[in-house]
Amino acid sequence: MTVPQRRSWQPPEGEQLVARAPVSFATGAAHRVQGRRWFRDTERRDIQVELPGWPGGPTYRLRSRTGPVVRAVLGVAFLLGVLALAVVSGGNVPSGGGPGGSGSLGSSEDPENEEQDFPVLWAAPGTIARTLPWELDPARRPDTDTTHLVLTDRRLLILGGLQDPRDPWEEILWETDLSTVAKVERRPFSIAGRDFRITFTDGSWCRLTSLEGEPLLRHLTAG
């Protein structure tokens, strides 16, 4: 690991900083994968115990299929109750949504990886995605730690940092040349549409999310 650098990190002379944003591995949004993430090889095996230097983390299972059915029944019951109340009150229907009033995610373009499973790392042995740092996983790192994705005119980097006003610092956790990045795609079937997927030239990929990533994504997805 490199020697910590004072905030904020800047590229060396001759290299231009293009954009940066805080990022983490994404989190499932569809019912069966909600709040979950997995690390897979191309046979869809869980590989988190194989990743060098990674500390232990939570082991997730798919949620039951019955959740949406229960919510649908509750929704119908709620609607019937509202209609009954409207009749009793002379047609004045109360405002407000029913149970679980959050908006629909819409349709997934990749249900195998967004509804039936939720890999955030897809990597055969020896591929680039397997070298990504464990600090990207919010379930493994302390709340005071941060990870940023940085784009320069030469490289893509992950910086790790400490949110401590008394002694803030950040260091390079990972980097790769831009020539190893095949494409970057937005993944709209996600919490607030914040997810994106980076696919490397060896076919491995990762799925990340960012609350403040729009300027960075504009550069990464351009062209």
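By its C-alpha gyration tensor, with a ≥ b ≥ c as the square roots of the eigenvalues, how is the stretch 114-160 shaped: rounded for a/c under 1.5, else prolate for a/b larger than b/c, else oblate? It comes out oblate by the Cα gyration axes.
Rounded to the nearest whole Hz, the Karplus-based 3J(HN,Hα) values (6.51 cos²θ - 1.76 cosθ + 1.60, θ = phi - 60°) of the stretch 36-50 follow the sequence 10, 7, 9, 10, 10, 9, 6, 9, 6, 7, 6, 10, 4, 6, 8, with x at glycine and proline. Summarising the label geometry, the points placed 7 Å from Cα in the beta-carbon direction at residue 117 and residue 201 lie 2.7 nm from one another.
Counting Lys +1, Arg +1, Asp -1, Glu -1, what net charge surrounds residue 40 among other residues with beta carbon under 9 Å of its beta carbon? Result for the local shell: -2. A simple spin-label model places pseudo-atoms 7 Å from Cα toward Cβ; at residue 163 and residue 13 they are separated by 3.6 nm. For a paramagnetic label modelled on residue 105 (point 7 Å from Cα along Cα→Cβ), amide N atoms under 15 Å away belong, within the stretch 188-223, to 188-197, 207-209.
Read-outs throughout are calculated quantities, based only on the coordinates presented, and are distinct from any laboratory measurement. All of these numbers come straight from a predicted model, not from anything done at the bench. Note that we place each Cβ from the backbone using ideal geometry, even for glycine, and neighbour counts take in every protein chain shown.
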